[in-house]
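The values are calculated or read from the model by the stated rules, or taken from the named source; none is laboratory data. Remember, it's a predicted structure, so these values are computed and weren't measured experimentally. Neighbour counts run over all protein chains shown; Cβ positions are idealised from the backbone, glycine included.
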Amino acid sequence: MGKDIRYLVVKKKDSKEVTYFEYEKLSGVNIKPKNAKPFQECIKVNRMIVINPTLISKMTEKKIQKLFIGLLKNITKLYKFELNDDDEGSGTVYFEVLNQTERFRREVLNKNRKHLTEEQAHLFDKKLDIIESQAKTRIQLKYLEAYTKQEIVEEKRTRSR
C-alpha cells in the first residue's frame with residue numbers, strides 16, 4: 001500500500017502549485033464524488049473538503065432546495081390522498097404534513113444553517129412557516145366542520161319527539 005498523503009491543489013492566475021496541508025484541521029464541507037469513472041493517469045479522489053465559504057453556501061443552498069422540492073412533492077401527494085379519500089378524514093394527513101415540515105426544519109436546516117447566509121436561512125424558514133400555517137388552518141377547518149356536523153346532529157335529536 002502507498003503512503004496516505006493529502007494535498008490541496010491551489011489554482012492561481014499565472015501558476016498552478018500543489019501544497020501540503022494538515023487535512024484534519026481544515027474546516028469545510030466534506031464531499032464524496034459521484035459516479036467515479038477512473039481515467040488513465042489521473043488522481044483518484046475519494047473525498048474532498050470545500051473550504052471556500054461562498055462555494056459552500058451555494059452548494060448547501062442547492063442541496064437544501066433539492067430536498068425542499070422533494071418535501072413539497074411529498075406534501076402534494078398527501079394532499080391529493082386527502083382529496084381522493086371518500087370517507088370523512090380525521091385530518092391525520094395534515095398532522096403528517098406538520099411532522100414532515102418540522103423534521104425538515106430540524107434535520108436539514110439546523111444541520112446546515114452554519115453554511116447558509118442569514119438571508120437564505122430566513123427564506124427557507126419563511127417557506128416552511130407558510131406550509132405549516134396552511135396545514136394548521138386546514139386542521140382548524142376540519143375540526144370546525146366536525147363540530148358543526150355534531151351540532152346539527154344534536155339539534156335534530158332535540159327537536160324530535
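Details
- Checked against (1) over 30 Å from Leu141 (Cα atoms); (2) modelled with pLDDT under 85, Ile56 passes all but condition (2).
- Residue in the range 25-48 that is part of a helix (DSSP H, G or I) and not assigned by TED's automatic domain parsing to the domain that holds Gln120 present: yes
- In summary, helices (runs of 4 or more DSSP H) completely within the range 52-159 and bearing 1 or more residues that are closer than 30 Å to Leu26 by Cβ and without any contact (Cβ under 8 Å) to a residue 12 or more places away in the chain occur at 53-84, 118-159.
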